[in-house]
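Asks: Sharing a structure with you now.
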Amino acid sequence: MVDLIKSTVKCYKKKTKKTVGGEQKTYEYNQYQVPLKRSDNLVCSEEVYVIPQNYFEGLIEAEVKSQLEDLEQHKELIVGYKKELADLEWKHGELSRSYKALVSKNAKTNKKLRLEVEKTTTLEEENQKLKSQLQQIMKDHKDLKGLYETHLEKIKLEDESNLKKEQDIWNSIKSRFSSREMKDQEDQE
C-alpha cells in the first residue's frame, strides 16, 4: 500500500522589481510552498507528486465506485455460480442415483450371467455324459443287434433243420404209411 504524506499548501505574495525600458517596475505574484516533515522519511532529490485534495478525493471516489461495481458484478457472478452449483449438485445427485442403479443392475445382470454360465457348463457336462452314455448304448445296441441277427440266423438254421427233420420224419412216416398201405393193399388183394 502507498504511504500518503499529508501537508498543507502555503501561499506567499512575492514581489520582484525589474527594470523594463529604463523604468523600474514591481511585479507581484503568488509563490506556493508545501512543507514536509522529517518523519515523512523523504530522501533529498527524491521526486514527489502533489495531488490536490479535491482531485485525490475524486480519484478515491472513482476507485471506490469502480471497486463497488466490481463487487456488484462479483455478487452477480456468485449468484450465477450458486445457481449453477445447485444445478450441478442436483445433476450430480441424479447421476449418482443413476450410477448406483446401473451398478446394482449390472451386478444383478452379472450374477444372472454367472448363474447362466454355470448352468450352461453343467448342461454341457451332462450333455457330454449323455453323449457318452448314448455312444455306449449305441455300441451295446450294435453288439446286441449283431447277437440278435446271429441268434436269428441260428434259429432260422435250426428251424430249417427242424423243418427238414420234420419233413424227413413226415416223409418217413408217410413212406411207412404208404408202405403199410401198400402192404395192406397187397394183403387185401
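Asks: Round to a whole number: what % of the accessible area of the chain belongs to carbon and sulfur, probe 1.4 Å?
Replies: On the chain, the fraction of accessible area on carbon and sulfur atoms equals 55 percent.
Asks: Consider the candidate values (i) 30.7; (ii) 33.5; (iii) 23.9; state which one is Kirkwood radius over Cα pairs in Å computed from the structure displayed.
Replies: (ii)
Asks: Now a separate question. Which lysines does K37 reach when only Cα atoms under 17 Å apart count, and residues fewer than 8 places away in its own chain are ignored?
Replies: K6, K10
Asks: Still on this structure, please answer the following. From the Cα gyration tensor of segment 91-171, with a ≥ b ≥ c the square roots of its eigenvalues, which class applies: rounded if a/c is under 1.5, or else prolate if a/b is larger than b/c, or else oblate?
Replies: prolate
Asks: Rounding to the nearest 10 and keeping the result within 0 to 90°, find how far the Cα-based axis of helix 53-188 lies from the longest principal axis of the chain.
Replies: The angle comes out at about 10 degrees.
Asks: Taking a probe of 1.4 Å, how large is the accessible area per residue of the chain, in Å²?
Replies: About 100 Å² of surface per residue is accessible.
Asks: Report the FRET efficiency, 1/(1 + (r/R0)^6), for L77 and L4, where r is their Cβ-Cβ distance and R0 is 30 Å, rounded to 0.05.
Replies: 0.40
Asks: Between T121 and H141, what's the calculated FRET efficiency when r is the beta-carbon distance and R0 is 25 Å? Round to 0.05.
Replies: After rounding to 0.05, the efficiency reads 0.25.
Asks: I've got another one for you. Given the C-alpha centroids of segment 99-123 and segment 1-56, what is the distance between them in whole angstrom?
Replies: Centre-to-centre distance over Cα atoms comes out at 93 Å.
Asks: A further question follows. Pop out the ³J(HN,Hα) list for segment 42-49 in order, Karplus 6.51 cos²θ - 1.76 cosθ + 1.60 with θ = phi - 60°, rounded to Hz; leave Gly and Pro as x.
Replies: 8, 9, 4, 6, 7, 7, 10, 10
Asks: Distances over 24 Å make up what percent of all Cα-Cα pairs in segment 43-137?
Replies: 70
The values are calculated or read from the model by the stated rules, or taken from the named source; none is laboratory data. If you're wondering where the values come from, they're calculated on a predicted model, not measured in any experiment. Ideal geometry is used to build each Cβ from the backbone, glycine not excepted, and the neighbour counts take in all protein chains shown. When the accessible area is computed, the model is the full protein with side chains, heavy atoms only, and any ligands, DNA or RNA have been set aside. Shrake-Rupley method; radii C 1.70, N 1.55, O 1.52, S 1.80 Å.
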